[in-house]
């Protein structure tokens, strides 16, 4: 057993050093995932080799020597059966606990993370920074800072995949999904679409540029956008005439949006809903399905008038109207 | 097993009436209700579909030799992998062992003259053929590009290809599976020979029984799912497309509720074949009969509760992910139990290296790899990285091709003398088993590595750093393709020129080996009475002949 463990650790240290066996590890979770991966690889090789060598030994040792040979019957062996039922169960239980706790840790973004928005569209990635900068098929992020992506799709299901970060999440039309990472190494990494999305699926690629904080600041200011997401959102808000009902003092036909984000509200149906990103999206595109209790359900849908990017900008604006402690970036 | 002794040694095959020469002419085949003839109808149809599906795979691998794509446009490539998947899954793997070997063997193994509903059995084949024609029509009329998974809203609102005829073909073929499953369940319950209790049944029957349950319970769900897809695509009723009020993830729940159990439809019968091969070629009773039998049922039941592991990265809740993860680990355990019991069966046996046994050993190796790599995908933390990459492609090919197709070929080689009354050249058969094993590993092992390095599946073009492993995989595929052609040639050759086989060339136990080869239409002159356990090699003299 001791020898086995030693062999395992040697195998592990060799495997993790071999560059051809794993992609670059450039995020805070990558090493943990790789560790689990190589332990799983070791278990796989160990059992495959163990079973195969046992079979090989039996094949040689018990090869048929005469055509009319009749071997003696082997007794059934209940303890053995139980042993090889329980042992894999224990191994599986251990792996489950390890993999799940790691996943649990990896899924939860740290509370203070930079938010960036992603829209998938046949066959490109639109990236929008809160500062107003927009990119296509490129994502610039600072090293060492947790980044949370809020993602949706304009058409079919896509999947945002950065192998070097070991992160992946479907980008689904009609809803928001989110993904976070903290890059640990300055560099340029592949961004792939990992959910088949039609003709040019394989060309829906991009690059993630991980920059030092100083470089990142320079990059942010170099492409100085005239307006932040909140400002663009506010402009759209006024252009679409939202303000005529959603009067900020609360005297309009619709509820005031000031301080609404993050609150729990009661719907006409009696259901209580948290006003979150999904709620605001639904309120813009399918308003009557989330009509609030004390207001007439008269808001028209804006489906077709705004695209996913504008919805995100409107949302940034609504979030910026949130409670006092939120700053003007909606955070 | 005690049966009427049949004196067939002196009678040459040609002069004795059997199911093959009882009647002649196309009509006698197309209107037959003999389960053995229907098995051959299926064998011919699925072999055709296998080589059509395989041809698409060859084109795909050729295309991927170069990073920018060596052969076709991306649109065409997308159609190739879709048609490969649709044909291989629905028209080859699902019916493969149940419809051919199952049809041939279920009545023979349980001492019956036919299945419970012979006409329904013939109807099942016609339904299969009609479904296959619709899908082949879709291929000819321009193909379909949704992937065999038909994910919405791409399939319902965006694809401009022949989605409807393809899905209709799959929908229709499903009824063939349901009827076949029903036929097997009734037959196994009601038509076992006197004395053949449940725990005396060959394990192949247990496996077919478990498979039939999945056929009956699972297949209606894929039929409903494809019908809903049809409603959305043709009548624009919003079910899956969020632009018209639907939920795209709902489709994935419904699809995988069938399609994960379908994986076990493909592998369970293979496991049944394995138990027959391992026992015969080691002349041993199976080690842990009841553990092997009940593990089939356990797999069938748990398989219905693991579909969510295909959706760990769709944004489904972390807690749902945890439940599906633990259930997916659980389904690994009965599979491991089977592998251990097969290995233990060899202990102190009398092991021969005939061709079917080589396929069986290939199965154990490839299935073990396939099963263990499944743990990487049941593990939530690693699945996030591996989902949607070539690792998945490698994993399920190890199970479905390395496992199911190896077992299918092993079974075909094992029962070929019974089915045709002829022997095939053993040397060629062993050589083919070796070529397939080597070709398979060279094709799919590099894909595990590609997957971990981050290459997504379904890519018509790819970054050049993945080229070396892709070229290795393509080289393997060409070896694998040749490996599959060799048996096709010598098996067809043997039907006419092979030496005549006796009733029991392997010295195997089981009621099917007590009949002449090929068996007469009624299988048994007298219904046998069973007085012993399955695989009771220890208490009888073995006669190969």
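Suppose the chain between residue B:243 and residue B:140 were pulled fully straight at 0.36 nm per residue; how much longer would it get relative to their current alpha carbon spacing? Before the final figure, lay out the partial values.
Working: separation 103, 0.36 × 103 = 37.08 nm, distance 3.12 nm.
Between residue B:243 and residue B:140, full extension yields 34.0 nm more.
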### Query
What is the helix-to-structure angle for A:30-61, meaning the angle in degrees between its Cα long axis and the longest Cα principal axis of chain A, kept from 0 to 90 and rounded to the nearest 10?
30 degrees
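Among DSSP beta bridges whose residues both lie in region A:114-222, state the antiparallel percentage, nearest 5. Intermediate results must be reported in sequence, preceding the final value.
Values: 26 of 39 bridges.
Roughly 65 percent of the DSSP beta bridges within region A:114-222 come out antiparallel.
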### Query
So for the pair residue B:475, residue A:247, with labels modelled 7 Å out along Cα→Cβ, what separation do we get in nm?
7.8 nm
### Query
Considering only DSSP beta bridges whose two residues both sit in region A:42-158, what percent are antiparallel, to the nearest 5?
55 percent
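What FRET efficiency, computed as 1/(1 + (r/R0)^6) with R0 = 56 Å and r the Cβ-Cβ distance, is obtained for residue A:286 and residue B:486, rounded to the nearest 0.05?
Values: r = 60 Å, r/R0 = 1.07.
The value I calculate is 0.40.
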### Query
Of A:64, A:166, A:303, which has the largest mean-square fluctuation in a 10 Å C-alpha GNM of chain A?
A:64
### Task
Partner chain Cβ atoms within 10 Å, averaged over the residues of B:234-246 - can you pull that number for me?
2
### Where Rh is the Kirkwood radius over Cα pairs, Rg/Rh for region B:318-466
1.06
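Considering every residue in B:143-156, what mean count of other chain Cβ atoms within 10 Å of its Cβ is obtained? List each step's numbers first, then the result.
Working: counts 0, 0, 4, 2, 4, 0, 1, 0, 5, 3, 7, 10, 1, 1.
Counting Cβ atoms of other protein chains within 10 Å of each residue's Cβ and averaging gives 3.
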### Rounded tilt (10° steps) of A:229-239 against the dominant C-alpha axis of chain A
50 degrees
## Note on the structure
In the protein assembly as shown the DSSP beta bridges are antiparallel at a rate, in percent to nearest 5, of 70 percent
### Query
Scaled to the compact-protein estimate 2.2 N^0.38 Å, what is the alpha-carbon radius of gyration of region B:34-126, rounded to two decimal places?
1.45
### Query
For the residue pair residue B:426 and residue B:26, what label-to-label distance in nm results when each label sits 7 Å from Cα along the Cα-to-beta-carbon direction?
4.0 nm
### Message
Show me the ranking of peptides B:94-100, B:424-430 by mean Cβ neighbours inside 10 Å, starting with the highest.
### Response
B:94-100, B:424-430
## Note on the structure
The FRET efficiency for residue A:24 and residue A:217, from their Cβ-Cβ distance with R0 = 25 Å and rounded to 0.05, is 0.50
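How big, on average over all directions, is the shadow cast by the Cα convex hull of region A:114-222, in nm²?
6.0 nm²
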### Query
Using a basic spin-label model with each label point 7 Å from the Cα along Cα→Cβ, how many nm lie between residue B:438 and residue A:178?
5.5 nm
### Query
Given 37 °C and 0.692 mPa s, how large is the Stokes-Einstein diffusion coefficient of the protein assembly as shown in µm²/s, with Rh as the Kirkwood radius over Cα pairs?
112 µm²/s
### Query
Relative contact order for chain B using alpha-carbon pairs under 8 Å, separation at least 6, rounded to a whole percent?
20 percent
### Query
PRE reach from residue A:104 (point 7 Å along Cα→Cβ): which of region B:312-341 fall under 16 Å by backbone N?
B:317-327
### Cα centroid of region A:52-76 to Cα centroid of region B:489-538, whole Å
24 Å
### Degrees, to the nearest 10: A:308-320 long Cα axis against longest axis of chain A
70 degrees
#### Entry: Span from the region A:247-281 Cα centroid across to the region B:133-161 one, whole angstrom
43 Å
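Report the gain in length on full extension from residue B:464 to residue B:16: 0.36 nm times residue separation, minus Cα-Cα distance, nm rounded to one decimal. Please list the in-between numbers first.
On the way: separation 448, 0.36 × 448 = 161.28 nm, distance 6.30 nm.
Contour length minus the Cα-Cα distance gives 155.0 nm.
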### Task
Between the alpha-carbon centers of region B:403-471 and region B:245-317, tell me the distance in whole angstrom.
21 Å
### Query
Quick one: what does P(r) look like for region A:229-320 with 5 Å bins over all Cα pairs, in whole %?
3, 14, 25, 31, 19, 7, 1
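So, R0 is 41 Å and r is the distance between the beta-carbons of residue B:297 and residue A:70; what FRET efficiency does that work out to, to 0.05?
Working: r = 32 Å, r/R0 = 0.77.
Rounded to the nearest 0.05, the efficiency is 0.85.
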### Query
For chain A, what size does the Cα cloud have along each of its three principal axes, sorted from largest down, in whole Å?
97, 50, 41
### Task
Return one quarter of the surface area of the convex hull spanned by the alpha-carbon atoms of chain B, equal to its mean projected area, in nm².
23.7 nm²
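Please rank B:266, B:449, A:59, fewest neighbouring Cβ atoms within 10 Å first, as an exposure proxy.
Ranked by crowding around the Cβ, least crowded first: A:59, B:449, B:266.
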### Message
What are the extents of the Cα atoms of region B:283-354 along their three principal axes, in Å, largest first?
### Response
53, 23, 16
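Values in this text are rule-based calculations from the coordinates and carry no lab data. Fair warning: this is a prediction, and the values are worked out from it, not measured in the lab. Because the Cβ atoms are built from the backbone with ideal geometry, glycine has one as well, and the counts that use them run over all protein chains shown.
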